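The values are calculated or read from the model by the stated rules, or taken from the named source; none is laboratory data. In this text, all values refer to a predicted model and were calculated from it rather than measured experimentally. Cβ: placed from backbone, ideal geometry, glycine included. Neighbour counts: every protein chain shown. Accessible surface areas use protein heavy atoms only, side chains included; no ligands, DNA or RNA. Shrake-Rupley method; radii C 1.70, N 1.55, O 1.52, S 1.80 Å.
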Amino acid sequence: MEPLHAADPPGADLVRRDLAVVWHPCTQMKDHEALPPVAIRRGRGVWLEGVDGRRYLDAIGSWWVSVFGHCHPEIVAAVQRQAAELEHVMLAGFTHGPAVELAERLVRLAPAGLTRCFYADSGSAAIEIAVKMSFHHWKNVGRPKKRRFVTLANSYHGETLGALAVGSVDLYKEIYRPLLMDVLTAPSPDCYEREPGESWEAHSRRRFEPMRALLETHADEIAAVIVEPLVQCAGQMRMYHPVYLQLLRETCDRLGVHLIADEIAVGMGRTGTTFACEHAGVRPDFLCLSKGLTGGWLPASVVLTTEAVYEAFYDDYVKRTAFLHSHTYSGNPLACAAGLATLDLLERPATRARIVSLGEHLERATAPLAEHPNVTEVRRTGTLVAIEFARDRRTREPFPWVERRGLRAYRHALSRGVLLRPIGNVLYYVPPYVITDAEVDFLVEVTRECLDVACA
Ligand SMILES: *Cc1c(COP(=O)(O)O)cnc(C)c1O
């Protein structure tokens, strides 16, 4: 196969230097012998521009962070303004306007009762915080036996050891299992697995029963249940019905178990509402946000929690109940300024309306893909769309993973100027909300070709 970058195009030097020193995330570096990394020099809206001048439509918002596209002028201006005033100050013992204002606005936007914001610098760090806080809360209130966590099969919560432990995507987890704390795992409410003719709601309800049993049996030793509301993103974009979250909230309340909502990927409008939990009308005890939080500008995350949790830590220093966790860049002013500008955009009525109409257009435009001879499902939640393909459409027998069919799709998409990065046998879009209907139509056209190439 012809290399994507012929002998010595502009940027070849950058790629050579890269491969001499940079070790890339989530990558078998040997793959770059056949397919070198793509060197990018700028981004505008949904488009990335390579150093060789080629353009790529960023259909996945660069790992789901770019909610308003690249270099949105309002976020650029906000970060520039902030950079000229204060780039950083430590958040222990000090504070600053952007950190306070962002926390105030998040508390106003989040489900009622989430009144306290703890900042960190990545999604995984937010998960570590929620896990530690839940455990520590129960210890502080005299329930030290509550120290176990319940997770869903096929869930993903990040890569650090605590976050990896509460996730269950084997590809990332299996090798490190000896290093990880033991968790309880309940079946996923994933509606791809529903019976023929069964509704999403009926399936998600049915799948709640083993979770209920698990919680009833182990409530005395369980600190929290952690879930990705509505979409298990890294878990092949599998989706489920909000009723599952309602049942989970009721049961957690009844049994005295915390609910951790990992909205790192699905928060910030992705599912159609600001936060995915709103679809179920539930308030988690911990709400974790990152990715789109800063519009894709800067690494930042936040954990929102309740007054009840906060109060369990609030006492004289010598009582040793404080949460002494910290990350150096917690509450970074540039990141908070980017977050505020992102919320300005998100809260605009025109944006709200566009998120709805974009979801509708995505549905219309992708519907015909369901007729493709290898496509087993086209599913959508808000502006998140997944197209799953299989070797055999009827039995849904997947292509063996060693065939790396998704990689073929990835390469074809790049050759057509589209950034699609399939997960296993699933092609998906997490587009910036500024994508136009015409750009969606182009994306779907390329996706159809990708399916042909991947399934040939
Ligand atoms: C990306 C992601 C994480 C991890 O965030 P990082 O910033 O990569 O550490 C955790 N949970 C979910 C649902 C994610 O999508």
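Here the chain has 56 percent of its accessible surface on carbon and sulfur atoms, given a 1.4 Å probe and all protein chains in place. If you sort GLU228, GLU311, GLU101 by accessible surface, 1.4 Å probe, largest first, the order is GLU311, GLU101, GLU228. What the chain shows is 45 Å² of accessible area per residue, with the surface traced by a 1.4 Å probe over protein heavy atoms. Between LEU407 and VAL107, residue separation times 0.36 nm minus the direct Cα-Cα distance comes to 103.9 nm. For the chain, lysine pairs separated by 8 or more sequence positions, or belonging to different chains, with Cα-Cα distances below 22 Å total 10. A Cβ-based charge dipole, computed about the Cα centre of the stretch 170-298 with Lys and Arg at +1 and Asp and Glu at -1, lands at about 300 debye. Computed per residue of the chain from DSSP H runs no shorter than four, each worth -39500 (n - 2.57), the mean residue ellipticity at 222 nm is -11500 deg cm²/dmol.
Gyration tensor analysis over the Cα atoms of the chain returns equivalent ellipsoid semi-axes of 35, 28, 21 Å (largest first, whole Å). Sorting 181-191, 291-301, 340-350 by average packing, meaning the other beta carbons within 10 Å per residue, from highest down gives 291-301, 181-191, 340-350.
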